[in-house]
1. Which residues, taken from the stretch A:39-73, are away from chain B (no Cβ under 11 Å) and β-branched (Val, Ile, Thr)?
2. Which members of the stretch B:147-157 meet the condition of being free of Cβ contacts under 8 Å to residues at least 12 places away in the same chain and within 11 Å of another protein chain (Cβ to nearest Cβ)?
3. Could you please find all residues in the stretch B:87-103 being among the charged types (D, E, K, R) and surrounded by fewer than 10 Cβ atoms within 10 Å (Cβ to Cβ)?
Amino acid sequence: MSLAKPAMRGLLGKRLRFHLPIAFTLSLVAAAAFKFTVTEPRKQAYADFYKQYDAVKEFNAMKEAGIFESVRPSGE
Amino acid sequence: VCLPACLSLSLSLCLFLSLSLCLSLCLSLSLSLSLYVLDCSLPQYNCRLDTPLPDVPFVRELTNQQRALKEKEKGDWRSLTKEEKLALYRLTHQFSYAEMRQGSSEWKTVLGGVFIMLGFSGLLLWWQRVYVYGPVPRTLTPDWTEKQTQRMIDMRVNPVHGFSAHWDYDRKQWK
């Protein structure tokens, strides 16, 4: 029986040459996917909310609901 | 609060009792039988995947037949039959690599036992919940949680994505 001599050297290098590019691309893809599915929509949602936000109107509504301690509703 | 402590105390008491029972059984058995005591200062046989050549052969006390086989082994190996070669292998090794690797179905028993004990614990906790625990705090009653929810809506808690984003302030209902 004459089997071929197995590879004795360069095993780590071969593994790294195969796995490192895959690892880097997958990491970049994961980061990009998170950015464009989570952070960008979230930033847009906040921007849209505050575009039409009237702070004084909201404050008056909250005041009438009676949640503040320093400013009571207009009825009292 | 002291009831979980009581439960754990009773469980530990159960374990201690069962352990002491086991120990007493073992002691009684050892007094009646003559146990082989292992001398750990001498080389031992080991059945491991990473050491293919153990320190000592598996079978130490050979019968006459086995001793004759060992004498035959000192000669030309081509004169040995297949059965003799296998017998020599079994003299020096307990399991082959395939037998060492095969594994067992013990995990099913273990998992089954674990689930039985978990289920039993669940039943105990259920009984505790019904017969031992007192009433919930007043902050968890429906009356309080209604007032709490209304206050959260009035405060505009998380208006962008979260709580108040789901409340329609114009129609005064959930979206």
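The values are calculated or read from the model by the stated rules, or taken from the named source; none is laboratory data. All values reported here derive from a predicted model rather than from experimental measurement. Methodologically, a virtual Cβ is constructed for each residue, glycine included, from the backbone with ideal geometry; neighbour enumeration extends over all protein chains shown.
1. Answer for the stretch A:39-73, where residues must be away from chain B (no Cβ under 11 Å) and β-branched (Val, Ile, Thr): A:THR39, A:VAL56, A:VAL71.
2. B:GLN150, B:ARG151, B:ASP154, B:MET155, B:ARG156, B:VAL157
3. Scanning the stretch B:87-103 gives a single hit, B:ARG101.
To keep it simple, each residue is scored yes or no on (1) loosely packed, with under 12 Cβ neighbours inside 10 Å; (2) at pLDDT below 95; (3) more than 14 Å from chain A (Cβ to nearest Cβ).
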site: B:ALA68; (1), (2), (3): yes, yes, yes
site: B:TRP77; (1), (2), (3): yes, yes, yes
site: B:THR81; (1), (2), (3): yes, yes, yes
site: B:SER105; (1), (2), (3): yes, yes, yes
site: B:THR109; (1), (2), (3): yes, no, yes
site: B:GLY119; (1), (2), (3): yes, no, yes
site: B:TYR131; (1), (2), (3): yes, no, yes
site: B:THR145; (1), (2), (3): yes, no, yes
site: B:GLY162; (1), (2), (3): yes, yes, no
